[in-house]
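Here is the structure we will look at.
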Amino acid sequence: MTALASAKDTEMVEKTNSASPNRVIDIENLSLTFETNDGPVHALSDIDLKIDEGDFVSFIGPSGCGKTTLLRVIADLEKPTAGSITVNGVSPEEARLNRAYGYVFQSSALYPWRTIAKNVALPLEIMGLSGEEQQERISRNMDLVNLSGFEKKYPWQLSGGMQQRASIARALAVEPDLLLMDEPFGALDEIVRDHLNEQLLQLWAKTNKTVVFVTHSIPEAVFLSTKIVVLCPRPGRIYDVIDSNLPRDRSLDVRETPEFLKIAHRVRDGLRAGHSYED
Amino acid sequence: MTDATHSSPRSINPFAGLMSGTVGPVIVVVLVILAIWYISAVALNTPFQKGLYERASRTDVPVSQLITDTLAQERPVLPAPHQVIVEIWKTTVQKKITSKRSLVFHTGITLSSTLLGFLLGTTLGILLSIGIVHSRVLDKSLMPWVISSQTIPILAIAPMIIVVLNAVGISGLLPKAMISTYLSFFPVTVGMVKGLRSPEVIHMDLMHTYSASRIQAFWKLRLPYAVPYLFTSMKIGMAASLVGAIVGELPTGAVAGLGARLLAGSYYGQTVQIWSALLMAAFLAGSLVALIGVLEKITLKRMGMAR
Ligand SMILES: Nc1ncnc2c1ncn2[C@@H]1O[C@H](COP(=O)(O)OP(=O)(O)O)[C@@H](O)[C@H]1O
Ligand SMILES: [Mg+2]
């Protein structure tokens, strides 16, 4: 069983390496069916997707179309029932063991008994970093998300937006090349969300990380992404993949440009078509 | 909360103020209990008192005399509260602690085996719960035994434990403590299994994304989550330990301890002595549980979980 799996992995490594050295995620014919008491749920069906280093990819689609599930497959939190996937050229499990990614959940998932600084330290403790190194990474990443001065606060003493920023600092502290974010700003009001979007974009531009970002907001997806993946439900599948021609270095003003509106329009069409298909 | 809003200063009901805080209602409840106790004492002791009057051929005893007499019998069916309190006063404050007739001495004996048994039981409970949570095999094989262990009446196996341990030369504190352990490991095991399994899925997922080992997940996630459960089950375990210690003293030939006082009291019909030992046991249980409550508050506050 293990021998078979690792043999398959090696084969995949060679294949991806020859295809593109910068390929971060390679998904082929991937399907995932949940067996539930009410029968099978086809959460993902026949997904093909390639994500390269430095891409900012958004998954957009109505609730229940499998965005979270796809992200969780990449993070090795779910196992696909068919097809293949590699992350950094290896299986998602191996990538996870290599701590290849940082994952930001839909809710902040901070531990209530830890202060903010201690929450950011959690993955660093698990990685076994020295106290000095931990301190350095904590202050740098809390600074990055504008949370300096809140080190000693407990999560419940912070607003929702600050809690979510703390969870982003926690993911960044691992210093992964790949960031997986599941509707991180979904519960926040629009002004805070705009602000965090800008910060995220700056961070991405500065560090050349690869970001996979789940959202159901069209402006957010278009503003952030170099590639937008439109999904539609029942069964969850990719309806459209849009490569953005907006400049990598962009500010919120870009939302007024015709290029932006054109992409937004195509996303909206995709969402609408995906929906009517089902009705 | 709602009580407080109802009892505004303008309220006309004189009892509204009394019932608003926590002190007021507690006093009322205590008074009601005392009243019921006195009435019951009079009612239960009257037949014996009337028998006394008959033998003395006294026929015209006024009711007030009857009531006073029923509350002052030497071996009443139900002693009056003040009789018990006087007995407790005489056997605590007015006796040297080293005296065999000191209730403090006997309470100390019971307390020490309660604490030892509680410590052993809590440790055993925590260890069992860790095993059960981390191993399916242990979960399937141990849990039924843990549960069925509590279906055996403790009174049935207490003498066996004492006798068997005495036979192998273990006597004194440990056999009694074993019975406390037997009773107290159960709530701790069950509570901790629940606590260690209580982390939210998203928090477990987070640990998974960090590829944390099971040991790391235990120390950094499961254990902190289980702390409130631990304190709750320790309170139950402590009360159970005290019961165990008292039961353990019954078959030891009534030498020392609150259990011994109960047994000696019932041999000689010393109901006042029985009741003072009972009250002392209740007071001890209340204090021990309250002590755990204080520890719980401090711990949760230091963990940042109490707001
Ligand atoms: N653990 C699970 N068990 C059964 N069904 C699930 C599970 N997780 C998700 N699903 C189902 O899979 C589908 C896709 O879910 P999800 O990926 O959460 O959608 P999205 O994030 O796009 O809203 C939904 O129909 C959902 O009910
Ligand atoms: Mg989702």
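Could you state the number of Å between the C-alpha centres of the stretch B:167-188 and the stretch A:111-187? Measuring centre to centre over Cα atoms gives 48 Å. Normalised Debye scattering of the stretch B:23-96 at q = 0.16 Å⁻¹ gives log10 I(q)/I(0) of -0.68, counting only Cα atoms as equal scatterers and leaving out solvent. In this structure, the residue pairs whose Cα-Cα separation is over 25 Å, taken from B:176/B:297; A:67/A:209; A:50/A:209; B:140/B:235; B:140/B:297; B:90/B:297, are B:176/B:297; B:140/B:235; B:140/B:297; B:90/B:297. Computed on the Cα atoms alone, the convex hull of the stretch A:112-175 gives a volume of 71 cubic angstrom per residue. Each Cα pair of the stretch B:182-307 feeds into the Kirkwood radius, which the Stokes-Einstein equation turns, at 4 °C and 1.567 mPa s, into a diffusion coefficient of 76 µm²/s. A loss of 50 Å² or more of accessible area (1.4 Å probe, protein heavy atoms, ligands and nucleic acids excluded) relative to the isolated chain is seen in these residues of the stretch B:180-229: B:202, B:203, B:205, B:206, B:208, B:209, B:210, B:211, B:220. Heavy-atom accessible surface of residue A:239, to the nearest 10 Å², is about 110 Å², with a 1.4 Å probe and all protein chains retained.
Within the stretch B:220-294, the chymotrypsin sites (Phe, Trp or Tyr not before Pro) that combine a DSSP coil assignment with at most 13 other C-beta atoms in a 10 angstrom radius are B:268. The modelled label-to-label distance for the pair residue B:27/residue A:53, using points 7 Å beyond Cα in the direction of Cβ, is 7.8 nm. Just so you know, the Cα atoms of the protein assembly as shown work out to an Rg and Dmax of 35.0, 118 Å.
Peptide packing: for B:51-57, B:108-114, the average count of neighbouring Cβ atoms within 10 Å per residue gives the ranking B:108-114, B:51-57, highest mean first. Cross-link reach is defined here as a Cα-Cα straight distance under 15 Å, omitting same-chain residues fewer than 8 places apart; for residue B:95 the aspartates and glutamates meeting it are B:87. A crude spin-label estimate for the pair residue B:60 and residue A:41, with each label 7 Å from Cα along the Cβ direction, gives 9.0 nm.
Across the stretch B:28-172, how large is the tail of the calculated P(r) beyond 17 Å, expressed as a percent of all Cα pairs? For the stretch B:28-172, the share of Cα pairs beyond 17 Å comes to 78 percent.
Across all Cα pairs in chain B, the calculated P(r) in 10 Å bins from zero up to the longest distance comes to 6, 19, 22, 22, 18, 9, 3, 1, 0, 0 percent per bin. For the stretch B:192-271, carbon and sulfur atoms together expose 67% of the accessible surface, with a 1.4 angstrom probe and every protein chain in place.
On the basis of the beta-carbon distance and an R0 of 60 Å, residue A:84 and residue B:72 show a calculated FRET efficiency of 0.05. Based on protein heavy atoms only, chain B ends up with 56 Å² per residue of surface accessible to a 1.4 Å probe. Per residue of chain B, the DSSP helices (runs of n ≥ 4 H) give a summed -39500 (n - 2.57) that works out to -25000 deg cm²/dmol at 222 nm.
Taking every DSSP bridge with both residues inside chain A, close to 55 percent are antiparallel.
Within the assembled protein chains, the solvent-accessible surface assigned to residue B:82 is about 80 Å², based on a 1.4 Å probe. Put simply, the stretch A:34-173 fits an ellipsoid with semi-axes of 32, 18, 14 Å; these come from the alpha carbon gyration tensor as the roots of five times its eigenvalues, largest first. The heavy atoms of residue B:87 offer some 40 square angstrom of accessible surface to a 1.4 angstrom probe.
Among complete DSSP H helices in chain B, those whose alpha-carbon atoms stretch at least 15 Å along the helix's long axis and whose mean Kyte-Doolittle hydropathy reaches -0.5 are B:23-55, B:81-92, B:103-134, B:136-149, B:154-167, B:173-196, B:223-249, B:271-302. Per residue, the convex hull around the alpha carbon atoms of chain A comes to 151 Å³. Estimated from helices alone, the mean residue ellipticity of chain A at 222 nm is -13500 deg cm²/dmol (sum of -39500 (n - 2.57) over DSSP H runs with n ≥ 4, per residue).
The values are calculated or read from the model by the stated rules, or taken from the named source; none is laboratory data. Computed from a predicted model, the values in this text were never measured in an experiment. Ideal geometry is used to build each Cβ from the backbone, glycine not excepted, and the neighbour counts take in all protein chains shown. Surface areas here come from the heavy atoms of the whole protein model, side chains and all, with no ligands, DNA or RNA. Shrake-Rupley method; radii C 1.70, N 1.55, O 1.52, S 1.80 Å.
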